[in-house]
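Peer 1: This is the structure, below, for whatever I ask next.
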Amino acid sequence: MKFEDYRLNPKVKKALAEFGYKRPTDIQYKSIPNILKGEDLLAVAQTGTGKTAAFAIPIIDMLYEQKKSERRKSDVNCIVLAPTHELAVQIHTVFERLAKYTTLKSMAVIGGVEQDPQIMKLYKGVDIIVATPGRVFDLISQKALLTHHVEILVLDEADHMLDLGFIKDIEDLIRKLPKRRQTLFFSATINDKIKKIAYSIVRQNAIRIQLSPKDPVAKKVEHSVMFVEMDHKRFFLERVVRENPDAKILAFVRTRVRAERVKKAMERADIEALSIHGEKDQTDRSKVLKAFKEGECKLMIATDVAARGIDIPNVEIVVNYDLPEEPENYVHRVGRTGRARNKGQAYSFCSEEEKPLLEEIQQYIHKPVKVLNVKEDDYVDTLHVDLERKNDYQTLMDEIREFEKSKKSRKKRKK
């Protein structure tokens, strides 16, 4: 079935065709008809399956039909919640594109930027807002955002929002919304905690959709692991960059401090790099993402703030410079490559201390990660050797202590 066969407004179909949407993905095929019927939805599908369009297409169609016939007030009628600033902006961009030929207006409401411009835009009239939970609740509390006519609530990447501690903000927001509304709950993973939250906010007869492939890593991604000592990782990253000079490379590290250290190590080796993490303000983060997306810089060092849901086009290689502490984040990280029709490559650098994390990842994806055998000779002779950094054992010990501290913290959370 093609999108042109759906009973959608011609203006919505025109935008779909313009932006290359021809056939629905599995999650879109299963979600769109139910959303158009006004059903509540609880959907679980892995990253990169087209979840954003799965709810954006029917929401735009429904709200535009209502607006056309003047059957609704000119207030905010749909709120989409997302866990990170970057994802909120990305979802807003999808709404803008698909609503291009309609009269619907959308905006991103995120923290880390001035409130006044957002409030002024709300006063002028907005149909759909895509927001992070904290900022949207602040605006509601200040009565700058009125929720009396909200008809649709979407929670996207709901599992990540719960991981980030947004549950209270979400619960506070829901108490401010009309009880008669349509609720769409999208999550990449599902567990008992998420089920409990989901069932508390959707209607009892909500449609449940779960797409769980045997291998959660997309077939188009070839992923492998190299066993690398902690203080040798930067040399391997340098080699990956030098052997792929035209490739867009996204490297994930464990902490903000690590992101800056790795960036500086690459710069000492005359490799231009960008860094993105939660400590940067929103303006800087937006500039970094824009420069990386547009290819102004080929290497970006990121914490997991960039792993969930962010669609960065044409990332050829993902590097897990540090293995993630949560195994599901492995899937989200490597899912930044091999998107759409493209193939991707993902390398993980695993130190001796990180082998327990690798075991957890392999249990989560139900199969071993292919091992690439490497020797010190494979890289020491060919790479730029930063002797000052190589002999900086104090820095290495700091990194190991930092890892041990995070490992203890992770064990406490599991208990």
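Read-outs throughout are calculated quantities, based only on the coordinates presented, and are distinct from any laboratory measurement. All figures in this text were calculated on a predicted structure; none of them were measured in a lab. Every residue, glycine among them, receives a Cβ derived from its backbone with ideal geometry; neighbour counts consider all protein chains shown.
Peer 1: Under 9 Å from the Cβ of Leu104, count the other residues' Cβ atoms, weight Lys and Arg +1, Asp and Glu -1, and hand me the total.
Peer 2: Taking every other residue near Leu104 into account, the sum is +1.
Peer 1: Given Lys11/Lys51; Lys22/Lys51; Lys293/Lys343, which pairs have Cα atoms separated by over 19 Å?
Peer 2: As for pairs spanning more than 19 Å Cα to Cα, those are Lys11/Lys51.
Peer 1: Ignoring everything except DSSP H segments at least 4 long, calculate the 222 nm mean residue ellipticity for the chain; use -39,500 (n - 2.57) per segment, divide by total residues, nearest 500.
Peer 2: -13000 deg cm²/dmol
Peer 1: Using the per-residue mean of other Cβ atoms lying within 10 Å as a proxy for protection, in what order, highest first, do the peptides 104-114, 173-183 fall?
Peer 2: The most tightly packed comes first, giving 104-114, 173-183.
Peer 1: Another question, if that's okay. In whole angstrom, note down how far apart the Cα centers of the range 56-120 and the range 143-184 are.
Peer 2: The range 56-120 and the range 143-184 have Cα centres separated by 14 Å.
Peer 1: Taking the beta-carbon count within 10 Å as an exposure proxy, list Met266, Met230 from fewest neighbours to most.
Peer 2: Met230, Met266
Peer 1: How large is the dipole of the chain about the Cα centre if only Lys and Arg carry +1 and Asp and Glu carry -1, each at its Cβ, rounded to the nearest 20 debye?
Peer 2: Result for the chain is approximately 2020 debye, rounded to the nearest 20.
Peer 1: Can you give me the Cα centroid spacing of the range 230-292 and the range 349-374 in angstrom?
Peer 2: 22 Å
Peer 1: Same structure, new question: Dipole of the chain (Lys/Arg Cβ +1, Asp/Glu Cβ -1, origin at the Cα centre): which of Leu41, Ala15, Ile27 lies farthest to the positive side?
Peer 2: Leu41
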